[in-house]
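In what follows, a structure is listed as structure tokens, so that the remarks can point back to it.
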Amino acid sequence: MKKWIYGSLFLYLLLAGCTSQAETKPEKQQEDYRTDYTVNPQVPDDTNLKEQEDTVRSRLGVATLENASFKVYTYNLGNIKLTVHETKILQLTPSHSMIDYFHGLTDRTTFPIAKVFVTIENTGKKKIQFAPFAVASLGKQMWTHEQEVYLDNLNGTYLPGEIKRGNLGVILHEKSAGTIQVKTTDVLDEKSKKIQKAADWQIILPK
């Protein structure tokens, strides 16, 4: 399964060192933020992993929670409202059936994933095309959209008022602290005309 993404993506590869221009504010957690979420088909469901060393085993593999933050942040990116509800670092060992999927992302059999669960809302009055993850960086580590792990159908068309929810995550090349800087794609209208520039948001890794 390949993600939808559009033309000018690699204009944004010079991401390192950029500062988010989004309006960011911590909010109170909403208990229903996972409502109607379909469990990811690539990675074990971490919904019930709340405390350090909590572990889940499934046909997809084994995931252990290394650290988590449930602080909520909202980024108002023009007509896009992106809310981070939880941030986790998982130690993942994929099952044999998932080796081929992860082989394209890493040669390791066990590795850390930094991930967030987000809701994304089109607050405007027009149908748009948008992807929340174009490129990302943390120090010398960099990722393109092709290295995003979850493929949770957050890219594509957003109708006015539509909300999509799911995970975004990357495999950490090394154990890291700090903040992953993420750049979105441009926002396009239904005729693929740019109506809003790409914006920046952050994955603040839990300590």
Open item on the list: Consider region 107-162. How many of its residues are of a type outside the set (S, T, N, Q) and more than 18 Å from Thr179 (Cβ to Cβ)?
Closed with: 25
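For the subset of region 135-152 comprising residues that are acidic (Asp, Glu) and touching a strand residue (DSSP E or B) at 6+ places or on another chain (Cβ under 8 Å), which member is farthest from Gln42 (Cα to Cα)?
Glu148
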- [ ] Evaluate the following for Glu146: is it charged (D, E, K, R) and not in a loop (DSSP other than H, G, I, E, B)?
- [x] yes
Open item on the list: So, restricting to strands (runs of 3 or more DSSP E) that lie completely within region 72-133, which ones have at least 3 residues that are in contact (Cβ under 8 Å) with a residue 60 or more places away in the chain?
Closed with: 72-77, 80-94, 111-122
- [ ] Being among the hydrophobic types (A, V, I, L, M, F, W, C) and within 21 Å of Thr74 (Cβ to Cβ) is the filter here, so list the residues in region 171-194 that pass it.
- [x] Ile180, Val182, Val187
Open item on the list: Suppose we filter region 173-203 for residues that are touching a Leu at 6+ places or on another chain (Cβ under 8 Å), free of Cβ contacts under 8 Å to residues at least 12 places away in the same chain and either surrounded by 18 or more Cβ atoms within 10 Å (Cβ to Cβ) or assigned to a loop (DSSP other than H, G, I, E, B) (or both); how many remain?
Closed with: 0
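Laboratory data are not the source of any read-out in this text; all were calculated from the coordinates shown. Fair warning: this is a prediction, and the values are worked out from it, not measured in the lab. With ideal geometry, Cβ positions are generated from the backbone for all residues, glycine too; neighbour counts draw on all protein chains shown.
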